[in-house]
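Engineer: There's a structure below that I have some questions on.
Coordinate-derived values only; no laboratory data. Computed from a predicted model, the values in this text were never measured in an experiment. Cβ placement follows ideal geometry from the backbone for every residue including glycine, while neighbour counts extend to all protein chains displayed.
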Amino acid sequence: MTIILLIAFIISLIHLSVSKRLKTYVSVLAFQGILLFGAAFIELIRINLVNLLFILLETIVIKSIAIPYFLNYLIRRNKITRESEPYLPDFISLVIVTAIIFGSFLLSGTMYTSINRLFFMAAFSGLFTGLYFIISRKKIITHVMGFLVMENGVFALTLAAGAQMPMLVNAGILLDIFASVLLLGIFVNKIGGILKEQEAGQLRNLKD
Amino acid sequence: MLGTYFTGALVISLLLLLNRKKNWNYILSVAFLILQCILTVYEFNHQGIQELKYFTADALAVILLVISCIISVPAFWHSYIYFSKGKWLPREQSIYFSALVILLTSLSGAYLSGHIAVTWIFVELTTFSASALVYHRRNLRTLEGTWKYLFVCTVSLTLVFIGILFLTMALQQVGLKNLSYSNLLANAPLLNTFWLKIAFLFIFTGYTCKAGLVPMYTADIDAKDKAPSPAGALFSSVLLNAGFLGIFRFYLILSHTGIFSWAGQILMISGFLSIFVASVYMYKVKNIKRMFAYSSMEHIGLIMLALACGPIGFYAAILHLVLHSFTKSSLFFQTGQVYRIYKSKSVYDTGDYFRYNLAGALVLLSGFFILSALPPSGMFISEFLILRSLFESNHYWILAVVLLLLTWIIWSMGKNIFKLLFIPAVEPQEMSMEKIPPWESLSQFILLALVVYLGLNPPFAFTELIHNAIKNLPG
């Protein structure tokens with residue numbers, strides 16, 4: 001079952017690479033939250049109840065309800081245009097993300113471990129796809145979304161590594177919440193109000 | 001004690017945040033400084049004792065804690081001057097001081113932590129408080145600086161977290177769970193080197209955002225430039241030390257494994273590239289604060305080279321770190337005065353500084369000589385040891401290129417500093433210039449004198465602390 005969920009996670013990354021509308025990004029992020037909820041539930045069922053509840057709460061409430069709601073609110077409030085405006089055409093984006101996934105496949109194949117390699121594959125794919133989105137999109141809000149995809153990848157990795165170390169899983173979740181709240185909070189209060197277009201190109205004053 | 005410190009600091013920062021009266025603000029700040037000093041003295045006298053399960057004051061932690069204690073006093077004092085001169089809303093002042101307290105507290109936590117994940121949590125907290133300080137002026141440029149700093153640091157610290165996850169995989173293979181440094185150090189030879197390599201790459205890359213090294217240095221430079229100068233002084237001294245600490249602690253663990261020389265090569269590449277990038281930017285940079293920020297990058301690069309080069313280098317690295325912290329913070333405090341006089345940080349708008357602020361000009365001049373490691377600067381000793389360690393470990397080519405780059409950096413920096421000190425500005429607005437009393441430069445002189453003293457005649461306790469800090473490294 002976990003395998004299906006993780007594969008669905010990887011497919012959702014491919015879907016992200018070709019989608020144009022910001023709304024799609026938001027719904028894919030919410031969908032990934034649900035997938036990770038399922039994977040977490042199956043993998044971590046053995047740890048104590050409080051921790052399990054905390055983790056499930058994080059995946060469902062934060063990742064698939066609160067953050068998407070907040071992102072939608074931001075898009076509406078700041079009147080951000082619907083297009084994601086990538087620097088590269090969709091086809092190239094698709095090729096790059098596929099290459100990332102294939103690379104992650106090879107990379108996780110080299111790893112000497114008893115843990116299911118698919119976790120690593122999903123984690124690395126999420127991680128590098130997120131980084132790729134940060135590099136290749138114009139809007140600041142898509143940078144934040146890229147970061148959130150990265151965080152989802154990290155969460156998959158936490159599931160693989162942290163099954164026996166709940167403290168680490170919790171630390172990772174706190175990072176998740178903390179960073180999302182901070183980045184989105186600044187976005188909603190400051191950047192949205194001051195910059196009209198909210199493109200990363202406007203943040204080019206500091207240089208030598 | 002540590003529990004009292006954390007609670008006290010938290011209460012003080014909350015009160016600072018809520019309070020709008022200026023006098024109370026200063027009283028609370030002084031209370032925090034006293035708390036910080038008490039903690040430093042306490043930890044100095046209680047080395048090696050575990051507290052609150054996750055914290056242990058080892059020699060390196062004590063060294064860094066003492067540095068942070070010494071620098072935080074002038075930092076608060078200059079912040080006080082900064083606020084008494086400008087027109088700031090009480091709210092802005094409250095947020096500033098509260099963030100300063102949180103920054104220093106989380107730095108103390110990061111220094112003292114004996115657990116790799118706890119260090120990471122506290123370093124993450126510094127990102128949060130530091131961005132509040134960078135955003136202090138609340139204009140478009142500080143917003144840009146804050147956003148970049150926050151984004152780059154969050155991504156980098158996520159990388160550190162991934163590194164820690166890989167480390168846990170290495171641990172789980174041999175049936176261990178405990179991530180404390182002492183446990184890692186004891187079991188390091190058992191761990192699978194493949195996982196350790198990946199973990200080191202991620203952790204090192206992540207912490208470079210705090211240390212200001214290649215590859216994640218960019219946002220750090222903007223932050224040092226855009227934050228008010230007392231905060232900038234803290235960023236390029238105590239915050240930089242926290243980044244160094246994160247890298248050093250893991251490097252120490254690797255020293256007991258077969259991949260120690262491999263890790264050394266990574267440090268060397270990053271250190272060398274940092275010096276190179278710093279030298280390129282310093283040639284064209286015209287903003288004095290950014291120039292000092294790039295100079296920090298050069299020095300942390302030198303420290304990394306030293307760490308990669310064997311026993312003499314280890315000692316030199318820690319010594320250089322200490323001396324650099326004092327010199328750089330002193331120069332950053334001084335740039336605050338330069339800005340108040342000329343209302344600009346660019347060398348084009350400044351000049352003839354000796355005429356307007358004699359004491360400040362002397363600080364800049366002597367600070368420049370000390371930073372370029374001319375005797376009697378203490379940095380001469382540490383830098384000489386670093387170069388010697390490069391020579392003795394047979395890195396002749398790197399040594400030659402580094403020497404050339406250092407000369408180039410001294411020239412680039414001297415060009416700007418001497419322009420600022422001696423050549424008259426194009427259109428000086430003498431009527432509106434502020435007179436700065438010489439006693440405001442006192443703390444800078446004390447810090448610089450400390451650099452000379454510690455280099456030429458280091459007290460026994462100090463050298464012993466450094467030797468203790470590096471005693472687990474080979475050689």
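Engineer: Helix by helix through chain B, keep the DSSP H runs that span 15 Å or more along the axis on Cα and average at least 1.6 on Kyte-Doolittle, and give those back in order. Let's see the in-between values first.
Structural biologist: Details: long enough: B:2-18 (24 Å, 2.09); B:22-45 (35 Å, 0.86); B:59-85 (40 Å, 1.65); B:90-112 (33 Å, 0.81); B:116-134 (27 Å, 1.69); B:140-173 (50 Å, 1.19); B:193-211 (26 Å, 1.13); B:240-254 (22 Å, 1.62); B:260-284 (37 Å, 1.22); B:288-307 (29 Å, 0.93); B:311-342 (46 Å, 0.62); B:358-371 (19 Å, 2.52); B:378-392 (21 Å, 1.15); B:396-422 (38 Å, 1.67); B:442-456 (21 Å, 2.29).
Long hydrophobic helices here: B:2-18, B:59-85, B:116-134, B:240-254, B:358-371, B:396-422, B:442-456.
Engineer: Right, another one. Going by amide H atoms built from the backbone, whose H comes under 5 Å of the H on B:H115, apart from near neighbours?
Structural biologist: Hits under the 5 Å cutoff: B:Y181.
Engineer: Using only Cα atoms, locate the centre of region B:194-268 and the centre of region A:92-153, then give the distance between them in Å, rounded to an integer.
Structural biologist: 24 Å
Engineer: Evaluate region B:1-63: find the radius of gyration of its Cα atoms, find its Kirkwood radius, and give the ratio Rg to Rh.
Structural biologist: A ratio of 1.08.
Engineer: Next question, about the same structure. Could you put B:T4, B:T205 in order, starting from the residue whose Cβ has the fewest other Cβ atoms within 10 Å? Don't skip to the answer; put the middle values down first.
Structural biologist: Details: B:T4 12, B:T205 21.
So the ranking, lowest neighbour count to highest, is B:T4, B:T205.
Engineer: What shape does region A:2-196 take by its C-alpha gyration tensor, where a ≥ b ≥ c are the square roots of the eigenvalues and a/c under 1.5 counts as rounded, a/b above b/c as prolate, and the rest as oblate? Before the final figure, lay out the partial values.
Structural biologist: Details: a/c = 2.19, a/b = 1.28, b/c = 1.71.
Oblate.
Engineer: Would you list the membrane-span-like helices of chain A, meaning whole DSSP H runs whose alpha-carbon atoms span at least 24 Å along their axis and whose mean Kyte-Doolittle value is at least -1.0?
Structural biologist: Values: long enough: A:2-18 (25 Å, 2.68); A:22-43 (31 Å, 1.45); A:90-109 (28 Å, 2.03); A:117-136 (28 Å, 1.55); A:140-161 (32 Å, 1.61); A:166-186 (30 Å, 2.04).
Membrane-span-like by this criterion, though nothing is claimed about a membrane: A:2-18, A:22-43, A:90-109, A:117-136, A:140-161, A:166-186.
Engineer: Just round it to a whole percent: the fraction of Cα-Cα distances in the protein assembly as shown exceeding 35 Å.
Structural biologist: In whole percent, the share of Cα-Cα pairs in the protein assembly as shown beyond 35 Å is 43.
Engineer: May I ask you to sort A:T24, B:T407, B:T257, B:T350 by Cβ crowding, counting other Cβ atoms within 10 Å and putting the fewest first? Don't skip to the end; give the middle numbers.
Structural biologist: On the way: A:T24 15, B:T407 12, B:T257 18, B:T350 26.
Starting with the residue having the fewest Cβ neighbours, the order is B:T407, A:T24, B:T257, B:T350.
Engineer: Determine the distance separating the Cα centre of region B:88-117 from the Cα centre of region B:1-28; give it in Å without decimals.
Structural biologist: With region B:88-117 and region B:1-28 each reduced to a Cα centre, they are spaced 11 Å.
Engineer: So how do B:D225, B:D352, B:D220, B:D58 line up by other beta-carbon neighbours within 10 Å, fewest first? Present the calculation step by step, with values, prior to reporting the outcome.
Structural biologist: Details: B:D225 26, B:D352 16, B:D220 29, B:D58 21.
Ranking B:D225, B:D352, B:D220, B:D58 by Cβ neighbours within 10 Å, fewest first, gives B:D352, B:D58, B:D225, B:D220.
Engineer: Shifting gears a bit: Roughly how many Å is it from the Cα centre of region B:326-375 to that of region B:390-456, as a whole number?
Structural biologist: 8 Å
Engineer: From the Cα gyration tensor of region B:53-126, with a ≥ b ≥ c the square roots of its eigenvalues, which class applies: rounded if a/c is under 1.5, or else prolate if a/b is larger than b/c, or else oblate? Mind showing how you got there, number by number?
Structural biologist: Values: a/c = 4.75, a/b = 1.98, b/c = 2.39.
Because a/c hits 1.5 or more and a/b fails to exceed b/c, region B:53-126 counts as oblate.
Engineer: Can you figure out the FRET efficiency of B:K177 with B:S344, using R₀ = 60 Å and their beta-carbon distance, to the nearest 0.05?
Structural biologist: 0.60
Engineer: Sequence neighbours fewer than 8 away in the same chain don't count; with that in mind, list the aspartates and glutamates whose C-alpha is under 14 Å from B:K471.
Structural biologist: Once the sequence-local aspartates and glutamates are set aside, what remains near B:K471 is B:D58.
Engineer: Right, next: Pull up all non-local amide H partners of B:E51: gap of 5 or more, or a different chain, and H-to-H distance under 5 Å with H placed in the peptide plane.
Structural biologist: Hits under the 5 Å cutoff: B:T56.
Engineer: Which three semi-axes in whole Å describe the equivalent ellipsoid of chain B, each the square root of 5 times a Cα gyration tensor eigenvalue, listed largest first?
Structural biologist: Numbers: eigenvalues 235, 144, 78 Å².
Rounded to whole Å, the semi-axes are 34, 27, 20.
Engineer: Would you please put A:84-93, A:27-36 in order of how densely packed they are, using the mean number of other Cβ atoms within 10 angstrom per residue and starting with the highest? Write down the numbers at each step before the final one.
Structural biologist: Working: A:84-93: 14.4, A:27-36: 20.8.
Taking the mean over residues of other Cβ atoms within 10 Å, the ranking is A:27-36, A:84-93.
Engineer: Are there trypsin sites (Lys or Arg not before Pro) in region A:28-116 that DSSP puts in a loop and that have at most 14 other Cβ atoms within 10 Å, and which ones? Working shown, then result.
Structural biologist: Values: sites: A:R46, A:K63, A:R76, A:R77, A:K79, A:R82; in loops: A:R46, A:K79, A:R82.
Of the trypsin sites (Lys or Arg not before Pro), the ones in loops of region A:28-116 whose Cβ has at most 14 other Cβ atoms within 10 Å are A:R46, A:K79, A:R82.
Engineer: B:L89 to B:T4: FRET efficiency via 1/(1 + (r/R0)^6), r the Cβ-Cβ distance, R0 35 Å, to the nearest 0.05? Please list the in-between numbers first.
Structural biologist: Working: r = 33 Å, r/R0 = 0.93.
Efficiency for this residue pair is about 0.60.
Engineer: Here's a follow-up. Taking the convex hull of the Cα atoms, report for region B:321-475 its projected area averaged over all directions, in nm². Before the final figure, lay out each step's value.
Structural biologist: Values: hull surface 42.4 nm².
Computing the convex hull of the Cα atoms and averaging its projections yields 10.6 nm².
Engineer: In region B:140-251, what is the volume of the convex hull around the alpha carbon atoms, normalised per residue and reported in Å³?
Structural biologist: Values: hull volume 9.8 nm³, N = 112.
Per-residue hull volume (Cα only) is 87 Å³.
Engineer: Taking A:K138 as the anchor, which aspartates and glutamates have their alpha carbon closer than 13 Å to its alpha carbon, excluding any fewer than eight residues away along the same chain?
Structural biologist: Correct list for A:K138: A:E83, A:E85, A:E197, A:E199.
Engineer: For B:Y283 paired with B:L185, estimate the spin-label separation in nm (one decimal), with each label point 7 Å from Cα along the Cα-to-Cβ line.
Structural biologist: The modelled label-to-label distance comes out at 4.3 nm.
Engineer: Now for a different question. Going by the alpha-carbon gyration tensor, a ≥ b ≥ c the square roots of its eigenvalues, is region A:2-113 rounded (a/c under 1.5) or, if a/c is not under 1.5, prolate (a/b greater than b/c) versus oblate?
Structural biologist: Numbers: a/c = 3.22, a/b = 1.17, b/c = 2.76.
Note, shape of region A:2-113 comes out oblate.
Engineer: Using the scaling law 2.2 N^0.38 Å as the reference, what is the normalised Cα Rg of region B:208-295?
Structural biologist: Values: Rg = 14.3 Å, N = 88, 2.2 N^0.38 = 12.1 Å.
Rg over 2.2 N^0.38 Å, computed on Cα atoms: 1.19.
Engineer: Here is a further query. Over region B:104-177, consider all pairs of different Cα atoms and compute the Kirkwood hydrodynamic radius from their mean reciprocal separation; express it in Å, one decimal.
Structural biologist: Working: mean 1/r = 0.0726 Å⁻¹.
It works out to 13.8 Å.
Engineer: Based on the Cβ-Cβ distance from B:K471 to A:N116, what FRET efficiency comes out when R0 is 45 Å, to the nearest 0.05?
Structural biologist: Working: r = 42 Å, r/R0 = 0.92.
For B:K471 and A:N116, the calculated efficiency is 0.60.
Engineer: Another question, if that's okay. Report, as an integer, the average count of C-beta atoms from other chains found within 10 Å of each Cβ along B:157-169. Write down the numbers at each step before the final one.
Structural biologist: On the way: counts 2, 11, 4, 1, 9, 10, 0, 7, 11, 3, 2, 8, 10.
Averaged over the peptide's residues, the number is 6.
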